[in-house]
Amino acid sequence: MKTLCVAVVVLSFSSVCQPASLACERLLKPEARNPDLTGRWRYVALSSDLCPTRTIMESVFRPAMEMNITSEVTPNVYSLGFKFKILGMCIHKSHFSTFVYENNTVSAADSNNASPSEPIVLLQSGCPDCIILRNDAIHSLILLSRRETVTAAEMKEFETQAKCSGLPEPQLFMSDHVYENCTMLEDFLHTFSSQVDIEKARSLNEKIMNCRQQR
């Protein structure tokens with residue numbers, strides 16, 4: 001009887017784990033489609049294994065970010081611009097960098113880079129207008145969408161992808177993508193220093209310093 005009970009328990013666990021492992025295998029595959037990368041993409045969520053990144057996202061510094069991608073004359077080469085807003089302050093970069101998209105991976109287009117970074121991989125997604133970026137260099141996943149927010153089911157899928165990757169629960173970016181009427185880059189540091197409470201800044205610094213102990 002004891003042997004039968006053990007067998008039942010083992011089989012029950014197997015029936016639960018097998019679908020989960022199959023789901024992970026599917027969700028961690030590179031993107032099979034050939035998505036149109038051009039246009040505006042909003043940062044929706046981030047799952048990162050880097051403690052300083054998580055600490056900043058958990059504080060008052062949670063930003064809103066979006067990027068605009070345009071194709072270059074050279075095939076598979078794209079130009080990237082971005083907008084960034086934090087604490088009512090904005091940074092606009094109409095041309096921030098250039099990258100190559102080929103074989104489901106994104107890599108820097110700068111041929112003068114002596115030590116090229118590891119390519120970023122696009123993962124599969126059930127969201128029709130989303131991009132999932134896997135950056136193994138900093139062990140993170142990023143969810144981008146053409147919309148400002150995604151559905152609960154789409155977010156759940158991203159959470160599962162993060163879990164399958166051994167990453168923590170995703171953190172949300174701000175969804176306020178109105179970048180007009182906010183302080184620009186040249187006034188950023190002055191406004192930042194005047195708005196941030198010294199004690200809060202000191203507390204944040206201590207949290208970042210203790211990141212190694214928090215892991």
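The values are calculated or read from the model by the stated rules, or taken from the named source; none is laboratory data. Since we're looking at a predicted model, the values are computed, not measured. We place every Cβ from the backbone using ideal geometry, glycine too, and count neighbours over all the protein chains shown.
Some observations on this one:
- Scanning the stretch 34-65 for residues that are closer than 18 Å to residue 141 by Cβ and either free of Cβ contacts under 8 Å to residues at least 60 places away in the same chain or part of a strand (DSSP E or B) (or both) gives 41, 42, 43, 44, 45, 46, 47, 48, 65.
- Subset tally (residues that are more than 19 Å from residue 146 (Cα to Cα), without any contact (Cβ under 8 Å) to a residue 24 or more places away in the chain and of a type in the set (A, V, I, L, M)) for the stretch 66-110: 2
- Residue that is farthest from residue 64 (Cα to Cα), among those in the stretch 127-159 that are among the hydroxyl-bearing types (Ser, Thr, Tyr) and assigned to a strand (DSSP E or B): 140
- Criterion: at pLDDT 60 or above, closer than 27 Å to residue 21 by Cβ, in contact with a strand residue (DSSP E or B) (Cβ under 8 Å, 6 or more places away or on another chain) and loosely packed, with under 14 Cβ neighbours inside 10 Å - qualifying residue of 176, 136: 136
- Exactly one residue out of 77, 44, 73 is of a type in the set (A, V, I, L, M, F, W, C), modelled with pLDDT of 90 or more and surrounded by 17 or more Cβ atoms within 10 Å (Cβ to Cβ), and it is 44.
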